[in-house]
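Peer 1: First the structure, then my questions, so here it is.
The values are calculated or read from the model by the stated rules, or taken from the named source; none is laboratory data. What you are looking at is a predicted structure, and each value in this text was computed from that prediction instead of being measured. Here the Cβ positions follow ideal geometry from the backbone for every residue, glycine too, while neighbour counts run over all protein chains shown.
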Amino acid sequence: MGEFGHIGVIGPGFCMDTWGVGPLEIEVCDKRYSFEDSDRFGPSIILKDGSIAVRQPGEKSPFWTAHFAWVKQGRKTADDGVTCVWTPLRPTTYYLVGREMFIVDKGDECGELQEVPKPEMSVSETEKENENV
């Protein structure tokens with residue numbers, strides 16, 4: 001099985017390699033991104049005329065979270081073959097006790113971290129904690 005987006009052609013007297021599948025579109029935070037994608041070079045945002053945009057999304061752009069989730073979920077597209085179908089990654093929820101982080105629910109790899117309130121302890125749990133001190 002080849003790399004995603006790789007096309008190789010060998011003919012009489014020449015060899016040609018190209019990478020990139022697209023155009024594809026992914027929507028995140030009510031914004032639509034058009035891009036080409038490959039395993040070798042990653043995604044490249046493209047303009048309406050099909051040329052690669054000089055300015056690519058910054059590292060904190062929601063595009064990267066959406067693209068990562070789309071790749072991890074198998075690079076599915078809608079029936080049009082252009083619209084990326086993905087679901088947001090589940091966040092890992094945690095609460096803090098001092099500087100220690102206690103995981104409540106382990107989310108997906110590279111999902112966001114989401115702090116939740118520290119659970120209230122029952123009287124019996126408080127007594128057990130005090131006995132251990």
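Peer 1: Within region 93-103, which residues are more than 22 Å from Phe68 (Cα to Cα), surrounded by 12 or more Cβ atoms within 10 Å (Cβ to Cβ) and within 22 Å of the chain's Cα centre (by Cα)?
Peer 2: The one that is more than 22 Å from Phe68 (Cα to Cα), surrounded by 12 or more Cβ atoms within 10 Å (Cβ to Cβ) and within 22 Å of the chain's Cα centre (by Cα): Tyr94.
Peer 1: Oh, and also: Only one of Ala78, Ala69 is modelled with pLDDT of 90 or more, within 16 Å of the chain's Cα centre (by Cα), within 16 Å of Leu24 (Cα to Cα) and among the small types (Gly, Ala, Ser). Can you tell me which?
Peer 2: None of the other options fit; the residue is Ala69.
Peer 1: Return the residue satisfying two criteria in turn: it lies in region 62-113 and is assigned to a strand (DSSP E or B) and in contact with a Gly (Cβ under 8 Å, 6 or more places away or on another chain), and of such residues it is farthest from Ser44 (Cα to Cα).
Peer 2: Thr93
Peer 1: Could I ask something else about it? Inspect region 17-27 for any residue being at pLDDT 85 or above, surrounded by 12 or more Cβ atoms within 10 Å (Cβ to Cβ) and aromatic (Phe, Trp, Tyr) and give the result as yes or no.
Peer 2: no
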